[in-house]
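The values are calculated or read from the model by the stated rules, or taken from the named source; none is laboratory data. Bear in mind the structure is a predicted one, so any value in this text is a computation, not a measurement. Neighbour counts are summed over all protein chains in view; Cβ atoms, including those assigned to glycine, are modelled from backbone coordinates with ideal geometry. These area figures cover heavy atoms from the full protein model, side chains too; ligands, DNA and RNA do not enter into them. Shrake-Rupley method; radii C 1.70, N 1.55, O 1.52, S 1.80 Å.
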Amino acid sequence: MHKNPVEEEGYSKALALLHACVTADGFVASPSDHDNYRRIWARDGTIISLAALLSGDNELIKAARCTFETLAEWQGPHGEIPSNVDTAAERISYGGTTGRVDADLWFIIGCGEYWLATGDDEFLEHMLPAIEKVRFLLGAWEFNNRGLIYVPVTGDWADEYLHNGYVLYDQVLYLQAQRTLARIRAAAHDSLDHALIEKVSRLRHLIRTNYWFEDGKKTPDDAYHGVLYEKGRALAPSHGAGQHWMPFFSPGGYGYRFDALANVLVSLLDISDDTRCSKVDEYIAAEVVNEKLPLLPAFHPVIKPVDEDWKDLHVMFSYTFKNKPYEFHNGGLWPVVTGFYVADLVRRGRMSEANRYLQGIYHANALVMEGEAWGFPEFVHGKNLTPGGTRHQGWSAAAAVIGHHALKGQCVFRVNEEQG
């Protein structure tokens, strides 16, 4: 049987693009000369580094180390990790109208993953001061010292979307960052940090309790805010409650749209359980995924001009409005989100489905942009299935590499693998 030519080329083309993202200072988000993508980004750089570590390619692994060292070099005075850095022009961004909380979270996760993959103790010793400053800052961002970090609107990867408050995606990364810190501190001090281990356990419990509504049960004793929880649950039945994890809550109430990346990570990072994982899979299959091109959207359902949220979304941009219906975060389909879903499906033994989504990534990455095949688009239009955003996107290539190696039995996050 002949292999699909797209599949045959998909991995090698993705690896080649990762090499094209390599600079002396680490990985740029894209080699394309578009906006500020040709910079060292914390979020993109870490995700590309996860792929690099899976690849076993020495040049890419070295670039991963350089990425984290560059981010640490330009760390802010309070411990904040840059959202992105242009080292040549010495231009540092810690965010736009607000900071990017997930830059700090991905940085800790990435440093830990690099160290575990390479055994590079010298790197870890060099990075420890920067890591500890980030740890302190993240604790301050809990504000009320109750376990969850508060994320301002546009404060993470969905930087032109409407989510804010106690955002699930960031809490999941916060948990993984704390797990990574526990692993690092145990090695650095040759003993377990029991207080940190307890914090990890409590945060996992808070996520499981506060972001999934179950009918017919009393208010959990450890609901973050009992009245807010009950108000959120009362409105939830018409918004997918019991089918997927809620994306955020804030003093203004709960959000209800399906956050694909958060739902994938809550499973991949072993916070969910089999029952809830299956319900999310069913929801994705029935309500979310486009069968013609199996990729996950950033968020679902799409916000349209007739919707209540449209007015707020329409003014939520930095330079130009990107979130038209089925584009960008507003229902655009993202290879990078799908790459983590492939890894999660493999982890749960759903190999056939994982392979189907990996084929979706390959086909998306192969789309023609600016007259050239293998455009590696940032996202794909959720309805027309046309490529969108910046081309030659590094983390779209990383998605293919992550999916490829996941299907070969490799774990994306070694911290979880080693801790069992």
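Summary table below
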{"quantity": "Normalised alpha carbon radius of gyration of the stretch 135-190 [divisor 2.2 N^0.38 Å]", "calculated": "1.28"}
{"quantity": "Cα Rg over Rh - the stretch 190-231, Kirkwood", "calculated": "1.15"}
{"quantity": "Contour minus Cα-Cα distance for GLU59 and CYS411 (0.36 nm per residue)", "calculated": "124.7 nm"}
{"quantity": "Top positive-direction residue, dipole computed over the chain with Cβ charges, set LEU269, LEU138, GLY95", "calculated": "LEU269"}
{"quantity": "Protection proxy ranking, peptides 350-361, 142-153, average beta carbon neighbours within 10 Å, highest first", "calculated": "350-361, 142-153"}
{"quantity": "Farthest positive-ward along the chain dipole, Cα basis, beta-carbon charges - from MET369, VAL289, PHE321", "calculated": "VAL289"}
{"quantity": "Stokes-Einstein D in µm²/s, Kirkwood radius over Cα pairs - the stretch 174-245 at 10 °C with 1.306 mPa s viscosity", "calculated": "113"}
{"quantity": "Flagged links, alpha-carbon separation over 30 Å, of LYS217/LYS322; LYS217/LYS292; LYS231/LYS383; LYS218/LYS322; LYS62/LYS133; LYS279/LYS408", "calculated": "LYS217/LYS322; LYS217/LYS292; LYS231/LYS383; LYS218/LYS322"}
{"quantity": "Positive dipole terminus of the chain, leading residue within GLY147, MET351, TYR114 (C-beta point charges)", "calculated": "MET351"}
{"quantity": "Once the Cα gyration tensor of the stretch 137-268 is diagonalised, semi-axes √(5λ) in Å", "calculated": "27, 17, 14"}
{"quantity": "Computed P(r) (all Cα pairs; the stretch 260-313; 5 Å bins; percent)", "calculated": "4, 17, 22, 19, 17, 12, 7, 1"}
{"quantity": "Two-decimal log10 I(q)/I(0) for the chain, as the Debye equation yields it once each C-alpha is a single scatterer, q = 0.09 Å⁻¹", "calculated": "-0.50"}
{"quantity": "Gain in span if fully extended, LEU192 to PHE317, counting 0.36 nm per residue against the direct Cα distance", "calculated": "40.6 nm"}
{"quantity": "Mean residue ellipticity (222 nm) of the chain, computed from DSSP H runs ≥ 4 via -39,500 (n - 2.57), nearest 500", "calculated": "-15500 deg cm²/dmol"}
{"quantity": "Computed over the chain: relative contact order in percent, which uses C-alpha pairs under 8 Å that are six or more apart", "calculated": "16"}
{"quantity": "Spin-label pair ARG356/THR118, simplified geometry with 7 Å Cα→Cβ offset, distance in nm", "calculated": "3.9"}
{"quantity": "Accessible surface of the stretch 340-420 [probe 1.4 Å, protein heavy atoms]: carbon and sulfur percent", "calculated": "48"}
{"quantity": "Probe 1.4 Å, accessible area per residue of the stretch 270-420, Å²", "calculated": "42"}
{"quantity": "Separation in nanometres of the label points that stand 7 Å from Cα toward Cβ, at ASN145 and THR87", "calculated": "3.9"}
{"quantity": "Normalised alpha carbon radius of gyration of the stretch 340-420 [divisor 2.2 N^0.38 Å]", "calculated": "1.20"}
{"quantity": "Calculated diffusion of the stretch 101-146, Stokes-Einstein form, Kirkwood radius summed over Cα pairs, 37 °C and 0.692 mPa s, µm²/s", "calculated": "289"}
{"quantity": "Span-like helix ranges in the chain, DSSP H, alpha carbon extent 30 angstrom or more, Kyte mean at least 0.5", "calculated": "none"}
{"quantity": "Carbon + sulfur, % of accessible area of the stretch 177-240 - ligands and nucleic acids excluded, 1.4 Å", "calculated": "53"}
{"quantity": "Using distinct alpha-carbon pairs, which all enter the 1/r mean, Kirkwood radius of the stretch 313-360 in Å", "calculated": "12.4"}
{"quantity": "Environment charge of GLY394, counting only residues whose C-beta is closer than 12 Å and scoring Lys/Arg +1, Asp/Glu -1", "calculated": "+2"}
{"quantity": "Sequence-separation-based contact order of the stretch 274-358, relative, with Cα cut under 8 Å and 6+ spacing, percent", "calculated": "27"}
{"quantity": "Two-site label geometry, HIS34 and SER238: point separation in nm, points 7 Å out along Cα→Cβ", "calculated": "3.9"}
{"quantity": "Net dipole in debye of the chain [+1 Lys, Arg Cβ; -1 Asp, Glu Cβ; about Cα centre; nearest 20]", "calculated": "780"}
{"quantity": "Student exercise, the stretch 203-318 dipole from Lys, Arg, Asp, Glu Cβ charges, in Debye to nearest 20", "calculated": "160"}
{"quantity": "Cα-Cα P(r), the stretch 1-125, percent of pairs per 10 Å interval", "calculated": "13, 44, 30, 10, 3, 0"}
{"quantity": "Accessible surface of the stretch 13-130 [probe 1.4 Å, protein heavy atoms]: carbon and sulfur percent", "calculated": "46"}
{"quantity": "Hull volume in cubic angstrom per residue (convex hull over the Cα atoms of the stretch 48-203)", "calculated": "118"}
{"quantity": "Relative contact order (%) - criterion: Cα under 8 Å, at least six apart; region: the stretch 1-103", "calculated": "22"}
{"quantity": "Solvent-accessible heavy-atom area per residue, rounded to whole Å², over the stretch 22-132 at 1.4 Å", "calculated": "37"}
{"quantity": "Equivalent ellipsoid semi-axes - Cα gyration tensor, the stretch 238-372, angstrom", "calculated": "25, 22, 12"}
{"quantity": "The stretch 113-187 and the stretch 328-398: distance between their alpha carbon centers, rounded to Å", "calculated": "26"}
